[in-house]
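Colleague: Sharing a structure with you now.
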Amino acid sequence: MKRAHAIVELCWAGFAACILSSHAVAGEDPHWEYSGPHGPAQWGELSEEFATCSVGSNQSPIDIRKENIVKADLTPLHLNYQVQTTEIVNNGHTLQINVEKGAYLEVDGQRFELAQFHMHSPSEHTIDGDHYPLELHFVHYSPEGEVAVLGILFKEGERHPSVARVEDVAPAKGERAALRFALTDLVKKSEIPSYYRYSGSLTTPPCSEGLRWFLWPALIEVSKEQIDAYVKLIGQDARNVQPLHGRMVLFAE
């Protein structure tokens, strides 16, 4: 357990190869799942390191209610995603895609380096109680170890070519495979002026808090067949929405 906790700390220090889940150290952490006796309602009881999953007051994901958001004059999110993906990892809980160094998100004059992105189906965040079929999380680190996550919601529609590349080479549980495509083929925008922002947590154990969450309801299209293929391989992997506990959700128009 001590080794597992140390790896989580290294992730917070900005190591791009880290997998943001307790599965990063196979066989040493408590087994957790998205349903059943090891599901989200029990995560906090599986380990002392996971206690925040139960007792934390700034947990993610959340339901964004439009009548409760606060419209604010926020600076746009600047994205520099001019890199290639490098590999895809099936850690049993998600498909994680690692990327070359050099990509970053910049907000409020602070730069966060992109380490990886991964998938959830259905979406973990909801808007007015509604799930979307797919949500991608782009995980970034500042030099000081702060974490910023950009969540992008997808809707059902046309087949997405970049998601098809992921689907074509997706490995079996516990395995990884080479994967190369331009990240700008997936995220074409370099500036995001309109988004939701709040303070939250990792959505998997150990549910560490203090993350800056940015949710972009871009509603990029992905086909039903692509969604079904992901769920067939991974299963539904969305944590239920968490109480706000008085947190403010800002909206940049």
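Colleague: For each pair in LYS66/LYS155; LYS71/LYS232; LYS173/LYS224; LYS71/LYS224; LYS155/LYS189, compute the distance between the two Cα atoms and list the pairs where it is over 27 Å.
Modeller: LYS71/LYS232; LYS71/LYS224, as the Cα separations exceed 27 Å there.
Colleague: Of the listed peptides 117-127, 91-101, 157-167, what is their order by residue-averaged count of other C-beta atoms within 10 Å, with the highest listed first?
Modeller: 117-127, 91-101, 157-167
Colleague: With mean projected area of the Cα convex hull in nm² defined as stated, name the option among [x] 12.4; [y] 13.4; [z] 14.5 computed from the structure displayed.
Modeller: Given [x] 12.4; [y] 13.4; [z] 14.5, the structure-derived one carries the label [x].
Colleague: Once the Cα gyration tensor of the stretch 99-144 is diagonalised, what are the square roots of 5 times its eigenvalues, in whole Å and ordered largest first, as equivalent ellipsoid semi-axes?
Modeller: 26, 13, 7
Colleague: In deg cm²/dmol, rounded to 500, what helix-only [θ] at 222 nm does the chain give when every DSSP H run of at least 4 residues adds -39500 (n - 2.57) and the total is split over its residues?
Modeller: It comes out at -4000 deg cm²/dmol, rounded to the nearest 500.
Coordinate-derived values only; no laboratory data. Remember, predicted model here, so these are calculated numbers, not experimental data. Note: ideal-geometry Cβ built from the backbone for every residue, glycine included; neighbour counts use all protein chains shown.
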